[in-house]
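The values are calculated or read from the model by the stated rules, or taken from the named source; none is laboratory data. A quick note: this is a predicted structure, and the numbers were derived from the prediction, not measured. So basically every Cβ, Gly included, is an ideal-geometry build from the backbone, and we count neighbours across all protein chains shown. Areas reflect the complete protein model, heavy atoms only, side chains present, ligands, DNA and RNA absent. Shrake-Rupley method; radii C 1.70, N 1.55, O 1.52, S 1.80 Å.
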Amino acid sequence: MRITEARVIVTCPGRNFVTLKIVTDEGVTGVGDATLNSRELAVAAYLTEHVVPLLIGRDPARIEDTWQYLYRGAYWRRGPVTMSAIAAVDTALWDIKGKVAGLPVYQLLGGRSRSGVTVYGHANASSIESVLAEISSYVDRGYQAIRVQTGIPGLESTYGVSAGAHYEPADAALPTENVWSTAHYLDHVPRVFARVREEFGPTLRLLHDVHHRLTPIEAARLGRSLEPYALTWIEDPVPAELQEGFRLIRQHTTTPLAVGEVFNTIWDCQELITSQLIDYIRTTVVHAGGITHLRRIFDLAALYHVRSGSHGATDLSPVCMAAALHVDLAIPNFGLQEYMRHTPATDEVFPHSYWFEDGYLHPGEEPGLGVDIDEEQAARHPYRPASLPVNRLQDGTMHNW
Ligand code: GCO
Ligand code: MG
């Protein structure tokens, strides 16, 4: 079998997605997600100009060799653009391998390690009282784990609080500006979780995303102040270029730590994992080099009691979600999977076999990944420029969004 064609499809059914579709001479096809929110066209061009020509004529069965070829062969290694492009190829090749074998991809990864993939949903609202109703609606739908974000009194907007039913931070062609105050934030968040625990009791699994806004000592204070409320994790407490920084947080708090949605390779989390500075690694298929490399990260993590908690925001397409579910089902050290439902328009462009029931997602039993792109539908939604916001401190200093 040989690869005869690889199409890069950019579509915007409400938000932008980049998809690679690999076609073989025997008619078997595979799909891979290549979406990098707010930088989509960079990955599309990387694929079209530099990767697709290398794929034509290759044997699609050689997944590991193709991964190494694209990683080592680029000379310029790593980075989100390169690794998302490699991920798309890798994911599409796993899809093809599954279809050729007549097996869902999780079977090729060693088979099922659990009956379903536990997901966490997002309860968010502008105030504490209104977030309680949101949490209730998730509990009613069977969710066992819920991420809680609220507005911060004194700040006009903050990360994680949506205007409509579907959270979409890339909300304008050019970046909107948010204003941040660590003092207001650190004062408010423990009040949120105190109230949530009072209302929902001690066992509902609760999570919170800090979205890279603190320094290590501030994060340590937050972790400590949240200890009475026994969170499953606080996520991205600080930007993680400085892996060492987590040591300081760790020394001060038993609140579990999760990080990794912006990581691209195992090297971004090597120290975090091997020094046991985190509890959950949140890398996922599309941004961390595909199923092949993600599996490598999770296997390293398993040695150090670190569990997976893959990113699953709506800017990762249903193709990525399907691929993530196969990995989640198979690995021994699965923790949680983020699940932020896609819009009906997105689901129409990406027909898929995975489904939600009672707090779990199931990838389904179709050969391959069980997801595809409907190219006719996709063509009805042309690309629209969309940027993530930026964030400034109250005095105007640029901060992390
Ligand atoms: C999450 C993430 C997202 C990111 C988004 C950026 O935990 O789901 O933090 O909300 O902000 O994926 O494109
Ligand atoms: Mg996050």
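Structure notes:
- Carbon + sulfur, % of accessible area of the chain - ligands and nucleic acids excluded, 1.4 Å: 53
- With all protein chains modelled, accessible area of Arg58 [1.4 Å, Å²]: 40
- Normalised per residue, the accessible area of the chain is 39 Å², obtained with a 1.4 Å probe and no contribution from ligands, DNA or RNA.
- Based on DSSP H segments of at least four residues, each scored -39500 (n - 2.57), the chain has a per-residue ellipticity at 222 nm of -10500 deg cm²/dmol.
- Annotation for the range 196-226 versus the range 353-401: alpha-carbon center distance of 25 Å.
- Estimated dipole of the range 323-400 in Debye, rounded to 20 [Cβ of Lys and Arg +1, of Asp and Glu -1, Cα centre]: 520
- Rounded to 5, percent antiparallel among DSSP beta bridges of the chain: 45
- Along principal axes, Cα extents of the range 339-395, largest first, whole Å: 54, 33, 19
- Per-residue accessible area (protein heavy atoms, 1.4 Å probe) orders Trp233, Trp267, Trp94 as Trp267, Trp94, Trp233, starting from the largest.
- Put simply, the range 60-133 fits an ellipsoid with semi-axes of 35, 22, 9 Å; these come from the alpha carbon gyration tensor as the roots of five times its eigenvalues, largest first.
- Assuming charge only on the beta carbon of Lys and Arg (+1) and of Asp and Glu (-1), the dipole of the chain about its Cα centre is about 760 debye to the nearest 20.
- Solvent-free Debye scattering, log10 I(q)/I(0), computed from the Cα coordinates of the range 3-103 at q = 0.19 Å⁻¹: -0.86
- Across the range 230-385, the volume of the C-alpha convex hull divided among the residues equals 129 Å³ per residue.
- Nearest-10 value in Å² for the accessible area of Arg2, using the 1.4 Å probe: 120
- Most to least accessible of Met340, Met83, Met398 (protein chains only, probe 1.4 Å): Met398, Met340, Met83
- Cα-based shape type of the chain, given that a ≥ b ≥ c are square roots of the gyration tensor eigenvalues and the cut on a/c is 1.5: prolate
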